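Heads up: the structure comes next, in structure tokens.
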2 protein chains.
Amino acid sequence: MITTQPLTPEAFAPFGDVLDCVGTPDKLINQDLCERYHDRARLDFEDGRAGISLFNAQARSLPYTLDMMERHPLGSQAFIPMNLAPFLVIVAQNLDNRPSNPLAFVSRAGQGINFLKNTWHGVLTPLSEPGLFAVIDRIGPGDNLEEYWFDTPYLIDHA
Amino acid sequence: MITTQPLTPEAFAPFGDVLDCVGTPDKLINQDLCERYHDRARLDFEDGRAGISLFNAQARSLPYTLDMMERHPLGSQAFIPMNLAPFLVIVAQNLDNRPSNPLAFVSRAGQGINFLKNTWHGVLTPLSEPGLFAVIDRIGPGDNLEEYWFDTPYLIDHA
């Protein structure tokens, strides 16, 4: 059983970036009517370029059964929720080319994330409908998806 | 007086891309639990790279006074609303290096946009709080902002 934890930049840093408007903005623009939190994602695209795609994913609920994780060896991947709602973010360390010790985070409304290149993560798992996300990831040739199916699935639930 | 119109891909095409989950997805992923609308923005960054920033903008209301428009000569700029709410999108043609004949669109909840490089546009104008947006634009050196202030402001209101 994996229990969920709040999504914080500190806990998430080894896996990627938390994208939100917390703390002091980097600058004020538009006659001070807009805060800019500048360049917050470690984007990294090998042999390709950034693209914006939209995902519409079916909502899941807790407890959630984690039977597979995936990674993208050629690029980072950002999930920006468009629904002002929390979602479930699952990541794992890499050990012998397998995901090891998965961690599960639940975001606050208004938080997005960016997975670093080649980071094991769960598929997109909104916790409410509509599961609308903008996704900033690599557009390019070659196979950028690796999946790992667990022999024994994990169960993820509230703490 | 400029009256607002609905944001549609056709009407907006000369200025940029409408980013939403409408129509047939380009592919189904994650065991068919997620629709992917693939690579929908004409990103274009000169002498720089894509970055993800977050904007927190004060909400405006209609009627809205348009006294300035701006453009970014070195890159496209995408506004992805994170609040599932409509926002106001103002664009204009270029005539003698000035914005000409501004148009005003109101988006549907769940629609983002991408301005093509060097397109005259209004500043980010959410119509409700919180005015949270992910912004995908150019990170790089040089002056990427040109502003034009109107002698006589325009008033923008509902049709």
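The values are calculated or read from the model by the stated rules, or taken from the named source; none is laboratory data. Quantities reported herein were computed from a predicted structural model and do not represent experimental measurements. As a convention, Cβ positions derive from the backbone with ideal geometry for all residues, glycine included, and neighbour counts pool all protein chains shown. Surface areas here come from the heavy atoms of the whole protein model, side chains and all, with no ligands, DNA or RNA. Shrake-Rupley method; radii C 1.70, N 1.55, O 1.52, S 1.80 Å.
A few notes on this one:
- Positive-pole candidate from B:Tyr37, B:Thr119, B:Thr4, dipole of region B:2-157, charges at beta carbon: B:Tyr37
- Placing a label point 7 Å from Cα along the Cα-to-Cβ direction at A:Ala11 gives distances to the equivalent points in the other copies of 4.5 nm, listed shortest first.
- Rounded to whole numbers, the Karplus 3J(HN,Hα) couplings from phi for region A:102-116 are x, 10, 10, 10, 10, 6, 8, 3, x, 9, x, 9, 10, 7, 5 Hz, using 6.51 cos²θ - 1.76 cosθ + 1.60 with θ = phi - 60°, and x at Gly and Pro.
- Once A binds B, the 1.4 Å probe can no longer reach about 3900 Å² of accessible area, counting both sides.
- Figure note: B:Tyr64, A:Tyr37 ranked by solvent-accessible area, largest first, 1.4 Å probe, ligands and nucleic acids not counted: B:Tyr64, A:Tyr37.
- Dipole check for the protein assembly as shown: with +1 at the C-beta of Lys and Arg, -1 at the C-beta of Asp and Glu, and the Cα centre as origin, the magnitude is about 240 Debye.
- Taking all protein chains as they are arranged and a probe of 1.4 Å, the heavy atoms of A:Ile156 leave approximately 0 Å² accessible to solvent.
- Sorted shortest first, the separations between the A:Pro63 label point and its copies elsewhere in the assembly read 6.1 nm; each point sits 7 Å from Cα along the Cα-to-Cβ line.
- In chain B, the portion of solvent-accessible area held by carbon and sulfur atoms comes to 49 percent [1.4 Å probe, whole percent, DNA, RNA and ligands not counted].
- Heavy-atom accessible area ranking, 1.4 Å probe, most first, across B:Thr4, A:Thr8, B:Thr65, A:Thr125: B:Thr65, A:Thr8, B:Thr4, A:Thr125
- Using C-alpha pairs below 8 Å separated by at least 6 residues, the relative contact order for chain A is 38 percent.
- Distances between copies at A:Asp96, taken between label points 7 Å from Cα along the C-beta direction, are 7.4 nm in increasing order.
- Centroid-to-centroid separation of region A:61-140 and region B:91-141 [C-alpha atoms, Å]: 29
- Each residue of region B:78-88 was assigned a 3J(HN,Hα) from its phi angle through the Karplus expression (A = 6.51, B = -1.76, C = 1.60, θ = phi - 60°), giving 10, 10, 10, x, 9, 10, 6, 9, x, 9, 9 Hz with x at Gly and Pro.
- Taking every C-alpha pair closer than 8 Å and separated by at least 6 residues, the mean separation divided by the residue count of region B:33-118 gives a relative contact order of 36 percent.
- Net +/- balance of residues flanking A:Arg71 in space, Cβ distance below 10 Å, scoring K and R +1, D and E -1: -2
- Eligible aspartates and glutamates near A:Lys117 by straight Cα distance, threshold 14 Å, same-chain separation 8 or greater: A:Asp17, A:Asp44, A:Glu46, A:Asp47, A:Glu70, A:Asp137, A:Asp143, A:Glu146
- Chain B: calculated mean residue ellipticity at 222 nm from DSSP helix runs of at least 4, using -39500 (n - 2.57): -500 deg cm²/dmol
- In the full protein context, the protein assembly as shown carries 43 Å² of accessible surface per residue, based on a 1.4 Å probe and ignoring ligands, DNA and RNA.
- Using a probe of 1.4 Å, the accessible surface attributed to A:Phe15 totals some 20 Å² when neighbouring protein chains are kept in position.
- Magnitude of the charge dipole for region B:1-125, about its Cα centre and with charges confined to Cβ atoms of Lys, Arg (+1) and Asp, Glu (-1), is about 180 debye.
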